[in-house]
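The values are calculated or read from the model by the stated rules, or taken from the named source; none is laboratory data. Not measured: the values here are computed from a predicted model. Cβ: placed from backbone, ideal geometry, glycine included. Neighbour counts: every protein chain shown.
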Amino acid sequence: MTAVLPVRRLLTSLVFVAIYWVWAPVGAQTFAEPAAAAGSAERSLHLKPRYYRWFVEPGKPWIEKNTSYGYLDWEVPLSQVGLVLVDVWDRHYLEDPKARAEKIIQEKIRPLLDACRRAGVEIIHAPSPPQAKECPTWVGRTRAEPPAPAACATVDRGQPWPPAEFRGKTGPYARYARPVEPQANYVNECRAGLTMHPDVRPVGSEVVVATGDELHEHCRKKGILFLVFLGFNTNACVLLRDYGTLEMGKRGYEVIVVRDCTTGMESFETTDELWQTRGAILFLEMFGKYSVASEELIAGLPKPAEQP
């Protein structure tokens with residue numbers, strides 16, 4: 001009898017373990033996917049993002065002319081998508097980019113913004129810190145002002161490095177500064193009155209961010225993983241802001257630029273073919289980011305019948 005009891009206990013334990021392992025995945029799925037269990041499907045955005053392939057087709061010579069674009073086919077949960085409007089201002093001191101931006105705003109950005117709003121895409125305005133802090137829905141309004149960023153390194157005695165005078169090109173380093181432009185006052189006066197373009201200002205509770213940290217924190221709270229960028233200028237703020245494509249890509253987000261909803265500042269050598277704009281987009285496509293056209297993005301949004 002004493003020998004039988006341990007065997008029965010062992011068999012009972014094995015049966016319990018077997019039942020647990022059969023049931024556990026079902027239970028885990030129930031808790032991990034409450035929406036699916038309730039029978040409601042997550043709405044999605046259908047995208048075919050473009051990137052640049054540093055590869056050639058089999059059998060072709062390995063030369064640059066044989067490299068090409070590639071396209072993916074994504075079905076992205078709509079709740080994980082954020083549309084980021086970078087520095088969509090009401091003016092520019094150069095007439096060419098000002099005219100191009102206005103045309104893009106009216107013909108491309110406004111239709112895309114309207115469609116995204118109807119579909120329920122998270123709209124995030126990033127108009128630069130001075131403009132952001134004037135908006136009622138600025139996410140940093142209730143938070144204390146963050147400390148000034150530290151210098152990139154320090155020397156042994158604890159002083160910032162590079163020295164403040166070197167970074168500001170003052171004192172003994174003034175000879176390395178660029179000359180003051182005679183028309184600088186005109187540019188400064190134009191920039192002093194910058195504001196968000198009246199046709200793309202926040203609607204309702206659409207948030208406004210001033211920094212990359214604010215954008216990152218908002219995305220964390222909302223569960224956003226895919227950031228779709230538009231705005232100006234392609235080769236400046238869209239690339240280089242701390243809430244721009246490069247910095248947010250470093251934070252791990254999937255970055256997509258709407259290539260017909262942006263333009264850059266060109267030079268006398270590039271303005272005819274917009275090579276600065278095209279080059280900035282191509283740079284992103286070549287190094288881990290993607291692009292889409294606004295019409296493709298609109299077409300990939302959930303149709304009205306799919307919306308609740």
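Every condition in (1) under 23 Å from the mean Cα position of the chain (by Cα); (2) at pLDDT 95 or above; (3) at negative phi is met by residue 96 except one, and the failing one is (1). Determine, yes or no, whether residue 270 is free of Cβ contacts under 8 Å to residues at least 12 places away in the same chain and β-branched (Val, Ile, Thr). Yes; evaluated as a whole, the condition is true for this residue. The single condition among (1) over 16 Å from residue 125 (Cβ atoms); (2) surrounded by 13 or more Cβ atoms within 10 Å (Cβ to Cβ); (3) in contact (Cβ under 8 Å) with a residue 40 or more places away in the chain that residue 186 does not satisfy is (2). Considered as a group, the residues in segment 189-212 that are part of a helix (DSSP H, G or I) and not aliphatic (A, V, I, L, M) include one that is surrounded by the fewest Cβ atoms within 10 Å (Cβ to Cβ), and that residue is 198. For residue 243, only one of the following conditions fails: (1) under 20 Å from residue 289 (Cα atoms); (2) out of contact with any Leu (no Cβ under 8 Å at 6 or more places or on another chain). What is its number? Of everything listed in (1) under 20 Å from residue 289 (Cα atoms); (2) out of contact with any Leu (no Cβ under 8 Å at 6 or more places or on another chain), residue 243 misses just condition (2). Going by the structure shown, is residue 69 exposed (fewer than 12 other Cβ atoms within 10 Å of the Cβ), within 27 Å of the chain's Cα centre (by Cα), within 30 Å of residue 232 (Cβ to Cβ) and at pLDDT 95 or above? Yes; evaluated as a whole, the condition is true for this residue.
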